[in-house]
Amino acid sequence: QVQLVESGGGLVQPGGSLRLSCAASGSIYRIAAMGWYRQAPGKQRELVATITSGDSTNYADSVKGRFTISRDNAKNTVYLQMNSLKPEDAAVYYCKAGIFLRTSLSFSDYWGQGTQVTVSS
């Protein structure tokens, strides 16, 4: 009923930038909080940044000052602008959205399929 599709990952040199996008589609009544998480090989998935429906943001300490999360409610899309990328930022990045379904008004968290970010010279 709901799909989250990420895009924008790729290979970038240390110090470079990438912008990730995640678009939600389907039977959506309203989207609450949205966020980005990442998982590096051999590590647990970790929170990168979240944004509420009121545009309040929260960041992991490791990305503060370098990453910016934003959302376009008209497009049901969340973005992650990543600047000054470091090798330790390399991971699969996943978006998550808390969504109320139009058909039932039930609430669930939905995840995207992930997009690879590689930071290497």
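The values are calculated or read from the model by the stated rules, or taken from the named source; none is laboratory data. Given the structure is predicted, the values throughout are model-derived calculations rather than measurements. Ideal geometry is used to build each Cβ from the backbone, glycine not excepted, and the neighbour counts take in all protein chains shown. All accessible areas refer to the heavy atoms of the entire protein, side chains included, with ligands and DNA or RNA removed. Shrake-Rupley method; radii C 1.70, N 1.55, O 1.52, S 1.80 Å.
Just to be sure before I move on: is ALA60 farther than 14 Å from GLY8 by Cα, free of Cβ contacts under 8 Å to residues at least 60 places away in the same chain and not β-branched (Val, Ile, Thr) in the structure I sent?
For ALA60, the condition - farther than 14 Å from GLY8 by Cα, free of Cβ contacts under 8 Å to residues at least 60 places away in the same chain and not β-branched (Val, Ile, Thr) - is met.
ASP109 - would you say it is assigned to a strand (DSSP E or B) and at negative phi?
For ASP109, the condition - assigned to a strand (DSSP E or B) and at negative phi - is met.
Can you tell me which of (1) open to solvent by less than 40 Å² (accessible area, probe 1.4 Å); (2) touching a Pro at 6+ places or on another chain (Cβ under 9 Å) is the one SER120 doesn't meet?
(1)
Would you check which residues across the stretch 1-51 are closer than 17 Å to LEU80 by Cα, among the hydroxyl-bearing types (Ser, Thr, Tyr) and assigned to a loop (DSSP other than H, G, I, E, B) and list them?
Listed by number, the list holds a single entry, SER17.
Say we look at the stretch 21-52 and pick out the residues that are in contact with a Lys or Arg (Cβ under 7 Å, 6 or more places away or on another chain) and of a type in the set (S, T, N, Q); which of these is surrounded by the fewest Cβ atoms within 10 Å (Cβ to Cβ)?
Of everything passing the filter in the stretch 21-52, SER27 is surrounded by the fewest Cβ atoms within 10 Å (Cβ to Cβ).
Please pick out the residue among ALA40, ALA23 that is under 20 Å from TYR110 (Cβ atoms), in contact with a strand residue (DSSP E or B) (Cβ under 7 Å, 6 or more places away or on another chain) and at pLDDT 95 or above.
Result: ALA23 is the single residue among ALA40, ALA23 that is under 20 Å from TYR110 (Cβ atoms), in contact with a strand residue (DSSP E or B) (Cβ under 7 Å, 6 or more places away or on another chain) and at pLDDT 95 or above.
Just to be sure before I move on: is ASP109 within 22 Å of VAL2 (Cα to Cα) and among the acidic types (Asp, Glu) in the structure I sent?
The answer is yes for ASP109.
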